[in-house]
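This report concerns only the one structure given below.
The numbers here are math on the coordinates, done by the rules we state, and not lab data. Since the model is a prediction, treat every value here as computed from it, not as a measurement. Cβ coordinates were reconstructed from backbone atoms using ideal geometry, including for glycine residues, and neighbour counts include every protein chain displayed.
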Amino acid sequence: MTQPVSLNCDCCGAHYQRVALEPGQWARCVRCNETLESAGLFTPQAWLASVLAALITFLLANGFAVATLSFQGSAQSSTFLGAVAATWHAGYGLVAVLTALVGFVLPLLMLILLLLLLAPLAAGRLPGYFDLALKVLGLVRPWCMVPVFLVGALVSIVKLIDLASLVVGIGLYATAVSAVFFTVFSRLSPERLRFMALDAGLPVHMPGARRAPSPACLPRAWALLLSAAILYIPANALPVMSIQAINGNSAHTILGGVIELARLGSWEIAAVVFIASVFVPIFKILLLGLLLWQTQRRIETGLRRRTRLFRLVEAIGPWSMLDVFVVILLVALGQFGNLLSIEPGGGAVAFGAVVVLTMVAAHSFDPRLAWRWAGHRRRTHDVSRQAQPVTQG
Ligand SMILES: [Zn+2]
């Protein structure tokens, strides 16, 4: 490193000089204890190879059926996009667009962006669009929900297996591999890619110190959070889907679905759906509300714990999409004319909106504000303080 590079902590706003890390080491913020940078074992070439493999797997996952359901002599199979189309044709355009975005469009865009960034880096070049692509990547990353769709598909299979005979398709296996890739790629943050280019000796532009956190983020986050809390009521009160069968019609709410799974003896799946669809949204709304209130009241205690809890709220955000994915798959697979037909319900629309609103609320809150109002100014922790390298294990 020829000249000192500064490193900003996104959680508390502290400022550091970047220190050289050995592979397997990471640097932690001495103030809030969040990870500032971790030294990867992969070269840009290795990352490029895994992105190419992920792209092929992702296309396979979407080109082949997730499952085929056989019922009274006829069979119905569906891909992920087939499930989106079935939801669209059932008159639930908003749910269709939302699931298409988080399950297909944005994950595909993320892979294309990684490819466009890593291919030149692997060849030792810095593309002209480097900064723009990193910016878009930062916006797209939190909305890629392939691992959530995988668990949703597994839940759908458990729900359908008692109803009719079901065969798992290549699409599901490919989705499982894709989910692993996307989990690994969550480590490829824009900062990480920037440092990768810097370490390769490329003339990369390093952003300076971030602007001070603005108190304007609080009313915005409150408005989004309160909207989510209000919509959480119809999300649970209205049915997320209805089943029309020869032996009668039935409407299913989220909690009703959990009880039914438990009644069928699938306790583990019932617990997964309960945690993702009932516990996580309530936990997220209450916890974010508490964090916003504590910041607004300028409470100075427990800042490290609060920062950790905010990170947790961000991390669990996408998992409440689980039930929405279950609904669209059941709608696509459960189409057997008069014998059996599954339609989405208004609860699914409200539920999708709750997930989006809580995630946007969390993203619009700046956790650095709590530190700043507690008197931790950026200047007092200036570049003289070095990030601490920590060895793994
Ligand atoms: Zn920090």
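Which three semi-axes in whole Å describe the equivalent ellipsoid of the chain, each the square root of 5 times a Cα gyration tensor eigenvalue, listed largest first? Kindly include the intermediate steps, with their values, before the conclusion.
On the way: eigenvalues 340, 140, 51 Å².
Taking √(5λ) for each eigenvalue gives 41, 26, 16 Å, largest first.
Per-residue extension of 0.36 nm, minus the Cα-Cα distance of R308 and A216, leaves a gain of 30.9 nm for this segment.
Can you tell me which of 113-119, 71-77 comes out highest on packing, and rank the rest after it, using the mean Cβ neighbours within 10 Å?
On the way: 113-119: 20.0, 71-77: 14.1.
The peptides rank, most packed first, as 113-119, 71-77.
Short-range pairs are left out: with C-alpha atoms under 8 Å and at least six residues apart, the relative contact order of the chain is 29 percent.
Close amide-amide hydrogen proximity is noted between R28 and L36, Q388, V390, each under 5 Å apart and 5 or more residues distant or on a separate chain (H modeled in the peptide plane; Pro and chain starts excluded). Once Lys and Arg get +1 and Asp and Glu get -1 on their Cβ, which of F71, L98, L369 lies farthest toward the positive end of the dipole of the chain? Going by the Cα projections, it comes out as L369. Remark: relative contact order (the stretch 1-41) = 33 percent; criterion is Cα-Cα distance under 8 angstrom and separation of 6 or more residues.
If you fit an axis through the alpha-carbon atoms of helix 170-185 and take the longest principal axis of the Cα set of the chain, what angle between them do you get, 0 to 90°, nearest 10? Roughly 20 degrees between the two axes.
Its Cα centre serving as origin, the chain has a Cβ charge dipole (Lys and Arg +1, Asp and Glu -1) of approximately 1660 debye. Taken over the stretch 1-41, the alpha-carbon convex hull comes to 64 cubic angstrom per residue. Give me the mean projected area, in nm² to one decimal, of the convex hull enclosing the Cα positions of the stretch 123-185. Computing the convex hull of the Cα atoms and averaging its projections yields 6.1 nm². Over all distinct Cα-Cα pairs of the stretch 175-249, the Kirkwood formula returns a hydrodynamic radius of 18.4 Å. In order along the stretch 100-117, phi translates into HN-Hα couplings of 4, 5, 7, x, 9, 4, 5, x, 5, 4, 4, 5, 5, 4, 4, 5, 5, 7 Hz, rounded to whole numbers, per the Karplus curve 6.51 cos²θ - 1.76 cosθ + 1.60 with θ = phi - 60° and x for Gly and Pro.
Each of I56, L137, S341 was placed along the dipole of the chain (beta-carbon charges, centred on the mean Cα), and the one lying farthest toward the positive end is L137.
Give, in nm to one decimal, the length gained when the segment between A85 and V278 is fully stretched (0.36 nm per residue of separation minus the Cα-Cα distance).
Values: separation 193, 0.36 × 193 = 69.48 nm, distance 2.67 nm.
66.8 nm is the gain from fully extending A85 to V278.
Only helices enter this figure: runs of n ≥ 4 DSSP H residues, each worth -39500 (n - 2.57), summed and divided by the residues of the chain, yield -17500 deg cm²/dmol at 222 nm to the nearest 500. Treating the angle as unsigned and between 0 and 90°, give the value, to the nearest 10°, between the Cα long axis of helix 254-263 and the longest Cα principal axis of the chain. On a 0 to 90 degree scale, this one is about 70.
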